[in-house]
Amino acid sequence: MKDFGYSISKGRTLNYDNSDFSLKKTLEHDVVSYCRCIGCGACASTCSAAKFTDFSIFKCNMLFRNAKYDELEQELSKCMLCGKCTLVCPRGVNTRGMILEMRNLIEKNKNNNE
Amino acid sequence: MNHFDVIIIGGGPAGMQAAIRLGNFNYKTLIIEKEKSIGGKLTQWDKLFPDFYSAEELLQNLTRQLNENVSILTEQEVKDIENTSENEWTVKTADGQYSSKALLIASGYDFFNAKRKEEFGYGIYPNVITSVELEAMIKNGKITTLDGRIPQKIAYLQCVGSRDEKVGNHYCSINCCICAVKQSIEVKELLPDVEQYCFYMDLRMAGQHYEELYRTSQEKYHVQFIRGRISEAASTFDNRIQIKAENTLLSTPLKLTVDLFVLMVGMEASETTRFISQKFNISNEYGFLQSKQRYCSDNETEIKGLFLAGTCKRPMTIPKSLKDGDAAANAIFDYLKNR
Amino acid sequence: MNNFHPFVLPFTIGTVVLFIILFALFVKWLLQMDKTQKTTALKNIISFKTLKAVWEAVRECLFHRNIFRTNPVLGYMHLSFAFGWFLLIVIGKIETTFYSGTFWDEFWLAIFFRFFEDTSVTFSGSELFTQLMDACLLFVLSGIVLAVIKRFYSKIYGMKKTTKHTIVDKIALTSLWCIFPLRLLAESATAGIKHNGGFLTQSLGNLLVGLPLEHITLPLWWMYSIALCLFFLFMPFTRYMHIFTEMLLVFLRKWGVTENNQKTGYTNIELNACSRCGICIDVCPLNTEAGINNVQSVYFIKNTRYGTLTKEIADNCLMCGRCVQACPVGIESTLIRQIMRKKECFNNKDYYQYIPDKEEKQISEEKEVIYFAGCMSHITVSIPEAMKHIFAAANVKYWYMDENETICCGRPLMQQGLDKQAETLRQKNTEKILSSSIRTLVTSCPICYKSFTEEYHLPIEVLHHTQYIDRLIRQGRIKVNRSDIKVTYHDPCELGRGCKIYEEPRHVLHAVAELMNVKMEKENSLCCGYNLANTQLELEDQMKIRNAAINNLTAPKPDTVITSCPMCKRALQHGINVNIKDIAEIVDENIAK
């Protein structure tokens, strides 16, 4: 059906009933520690990139968990891979592996959808 | 006379409570304590959460209840323990050798060495202190920075050395969340003008009157609770501490300069606990002692005549340690009776 | 043609095909080298370096000195194969030259000489040659016995793991193993008839006399020839390709060719020069500590060569460099890994625009050094703190370049194959560094140090703080007291094997404390497990690797363990209560007032 006149803006609600969590499942398999994140924010507060710009690693994690990939690609490319986040994470999340793998998956997903 | 019915290693709350009970059961009991006096970590505390009961009063109370069946050895570190024969235990200290029919381990915990988390600057910057040092200040009724100033701003950081996989301590130490709440109230009463911030990952107010105390600290004492873990601390030119964290609820980085930065250090197996757990091969993954079964025989071990009480098993609050001392005494009573 | 029999055909065809393929491949790879590699090689062809290369080729390809050093039994095995076979060919050729009176006889004659030998023809030294050839054959056979044992019981070689092979490898391996026993049998059978054998073949021949030798002999020679043919035909596609490629590699390397940051013909030559001896498996901490045994250089190289490389294999490497150190062929596998990790799809965008351009802030005062603590040092605050004290004690004015915000040096990105992004960061940092007119840069992080020295091409001097402190002490700008505490030193991978800085930290430590030796040190030091090059490893495995390093460092019971890398310090600090300090801290503590 064609859009007619105006469209209804996407709701703010995360709709878990019809979101596609397949990427999340792949990541859970590839970077097992990814699911351990409790969002304490230590990574974001130590982040070298976050000193310059709005960038938060645990937020990326949360966005990914919630299948919100739209802005994630741009966001993830801000990372300099310096590794401070991995060293401060109390939950032992392999943050750098997680970021690289998220980028891979999003890229692949994009190619598949095209 | 060096022979006893029961030897208790460690004279903290759990050990004392067990000794009271065992003394009442008419068992000859010996407490071996490595510090100058019994009481364990209780001696370092001023008031207890959640009701501000005086630690000193509790200690006196416990000491009063110890009867003539209980002997106490202080400043004696355990050098070796042997299960010499069936039902016979020998404990060697620097000065002597003692034997008993049953052995109760109540060797407790140690505080996490905050120097292992270098990013918080403990041991590097003078105004970074641990919760233990703050408690000592509270006990003295005088809270100052190292250079003698009255602090205007204090920050507390939860989970230093607990819930931290990097240092190998995956567990929660239970006491620290509520302890910070308690301490912040006490500090505010001593210093009415102080501003206080408490940084947490999760706040675990697990018990009746705990949540209420948390609520009071917010409502009456205006402690600000910020969900976010501090990642870096640095000293300013005037010896204040600048901390960097993330306010995760706003998803915004945060910078704050404080006069005192308090690390709520977690609980680890004490040196004696580690020694015993290795010696008898009953260590859990963190060096704490492993009881036979957590539900029904939590004071027994796989080794006959060897009993456990208190925080040598896992982090516990003081009331829980006391109850565990009771339970251990009962278990020993059963054991000695049926022998 | 009395020196011909159809059974020589398989061998002849095999040899010809082999050399055609070899030639084609070598030409292809040489042409695939990039421009700088070609010019470097050409520039050095006519020089003393070529002679050195000849010597090295003899030493390594025939005698396998490097394998000998790490493992004498394994070395002997390789030596007996390579040198023994080489002697068989050379002496055989000399023998037939004497026999036929010309060097230009049929080239297979030397290989099948006993079969064609006319015992009525006598020539000088024939007896000696016969015995020599038997001796060589015995030499090679002893190697084969060792090889067979190795395949099935690698433990007696002190090797915990031996390489898993492909099907083609197995065929080539089997034919290789068959060649010499078949030669022994064929020659012995002939000796049984013609009585032309040496101490080995004749004795065996005499034993065989009871058998119908006239029916057995020819089939044995056929089988010998076919085994040779099979081996030669399969060789270019197996690990045995290393026999010839290694020689080419030795020459190119001596001529100054190195890996560039992309896959070239030289990379292919390195890949094919790997003999899959498996020495790298045993030195890899991922294998010894974490039990991961499918990602080591040997498997990485194999998979890259056959185009079956997976992300898991390429990315699961700490790049600690222990394998490169141990590799008898000297293959730069970590550099190849870096090349193979290249992620083209992320390389074409503008990154890090959020980093502001350099502010036109003149560093007004005359300052002596730029201090770059590095990202990691900001969470090991005692290192920059100690450096501040040292600078003050030496009265050095410095500019703390990354006091408030750090731009990463870019090396972690390089290691993950994100070249363009790393390039951007390098530009930003270079601009910032050159905005001052200070001529010396001191950094506290070995990763940054390696990057600044090897990837930045800065026109100023770059020092790691161990070197700088060493210099301050030597110049007498700081005076230190020697305390009596006992220390051991942990060589960080990037500073030690990465930049070959072993002496400066030791010199400094001798000046301030009592330095004890540990079992694994300098080029053999163990990785702390946190190395940034690995993005696959989970904390549990990192901890196992770290614990091995801690055990090594605390074995002599030091008071303090010293390192010179913020990341290593963090890793070791996270271990069981071990007293760990940076070299700057211990110097700071012992500065004479």
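The values are calculated or read from the model by the stated rules, or taken from the named source; none is laboratory data. Keep in mind that this is a model prediction, so the values were computed, not measured. Positions of Cβ are backbone-derived with ideal geometry, glycine not excepted, and every protein chain shown enters the neighbour counts. Accessible surface areas use protein heavy atoms only, side chains included; no ligands, DNA or RNA. Shrake-Rupley method; radii C 1.70, N 1.55, O 1.52, S 1.80 Å.
Taking C:PHE86, is it in a helix (DSSP H, G or I) and either basic (Lys, Arg) or open to solvent by 50 Å² or more (accessible area, probe 1.4 Å) (or both)? So C:PHE86 fits the description; yes. Do we find that C:ALA314 is touching a residue at least 12 places away in the same chain (Cβ under 8 Å) and either closer than 19 Å to C:MET414 by Cβ or of a type in the set (Asp, Glu) (or both) in this structure? Criteria met by C:ALA314.
Conditions (1) touching a residue at least 12 places away in the same chain (Cβ under 8 Å); (2) in the same structural domain as B:GLU77 (by TED's automatic domain parsing), marked per residue:
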| site | (1), (2) |
| --- | --- |
| B:ASP259 | yes, no |
| B:GLY287 | yes, yes |
| B:TYR295 | no, yes |
| B:ALA309 | yes, yes |
| B:GLY325 | yes, yes |
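Any residue in the stretch C:330-342 that is of a type in the set (S, T, N, Q), touching a residue at least 60 places away in the same chain (Cβ under 8 Å), buried (at least 19 other Cβ atoms within 10 Å of the Cβ) and within 13 Å of chain A (Cβ to nearest Cβ)? The answer is no; no qualifying residue exists. Within the stretch B:158-190, the set of residues being away from chain A (no Cβ under 14 Å) and open to solvent by 20 Å² or more (accessible area, probe 1.4 Å) comprises B:ILE174, B:ASN175, B:LYS188, B:GLU189, B:LEU190. The combined condition, being open to solvent by less than 30 Å² (accessible area, probe 1.4 Å) and over 25 Å from C:GLN536 (Cα atoms), is fulfilled by C:LEU441.
Among the candidates B:ILE243, B:ILE230, single out the residue that is within 14 Å of chain A (Cβ to nearest Cβ), within 18 Å of B:VAL265 (Cβ to Cβ), touching a helix residue (DSSP H, G or I) at 6+ places or on another chain (Cβ under 9 Å) and assigned to a strand (DSSP E or B).
B:ILE243
Of the residues making up the stretch C:379-410, those that are in a helix (DSSP H, G or I) and at the interface with chain A (Cβ under 9 Å from one of its Cβ atoms) number 1.
Would a scan of the stretch A:33-45 turn up a residue that is open to solvent by less than 10 Å² (accessible area, probe 1.4 Å), within 14 Å of chain B (Cβ to nearest Cβ), hydroxyl-bearing (Ser, Thr, Tyr) and outside any helix (DSSP H, G or I)? Scanning the stretch A:33-45 turns up no residue that is open to solvent by less than 10 Å² (accessible area, probe 1.4 Å), within 14 Å of chain B (Cβ to nearest Cβ), hydroxyl-bearing (Ser, Thr, Tyr) and outside any helix (DSSP H, G or I). The set of residues from the stretch C:390-433 being open to solvent by 40 Å² or more (accessible area, probe 1.4 Å) and without any contact (Cβ under 8 Å) to a residue 60 or more places away in the chain comprises C:ALA392, C:LYS397, C:TYR398, C:GLU403, C:ASN404, C:GLU405, C:GLU423, C:GLN427. Where strands (runs of 3 or more DSSP E) fall entirely within the stretch B:1-88, those with at least 2 residues that are touching a residue at least 40 places away in the same chain (Cβ under 8 Å) and open to solvent by less than 30 Å² (accessible area, probe 1.4 Å) are at B:3-9, B:29-32, B:78-85.
Here's the yes/no breakdown for (1) surrounded by fewer than 24 Cβ atoms within 10 Å (Cβ to Cβ); (2) in contact with a strand residue (DSSP E or B) (Cβ under 9 Å, 6 or more places away or on another chain); (3) at the interface with another protein chain (Cβ under 10 Å from one of its Cβ atoms):
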| residue | (1), (2), (3) |
| --- | --- |
| A:PHE55 | yes, no, yes |
| A:ALA67 | yes, no, no |
| A:GLU71 | yes, no, no |
| A:MET80 | no, no, yes |
| A:MET102 | no, no, no |
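Just one of (1) surrounded by 13 or more Cβ atoms within 10 Å (Cβ to Cβ); (2) closer than 30 Å to C:CYS280 by Cβ fails for C:TYR153. It is (1).
Each row is one residue, and each column tells you yes or no for (1) modelled with pLDDT under 95; (2) open to solvent by less than 20 Å² (accessible area, probe 1.4 Å); (3) in a strand (DSSP E or B).
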position	(1), (2), (3)
B:LYS92	yes, no, yes
B:LEU103	no, yes, yes
B:ILE129	no, yes, yes
B:ARG149	yes, no, no
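Would you check if C:CYS274 is under 27 Å from C:ALA549 (Cβ atoms) and without any contact (Cβ under 8 Å) to a residue 60 or more places away in the chain?
For C:CYS274, the condition - under 27 Å from C:ALA549 (Cβ atoms) and without any contact (Cβ under 8 Å) to a residue 60 or more places away in the chain - is not met.
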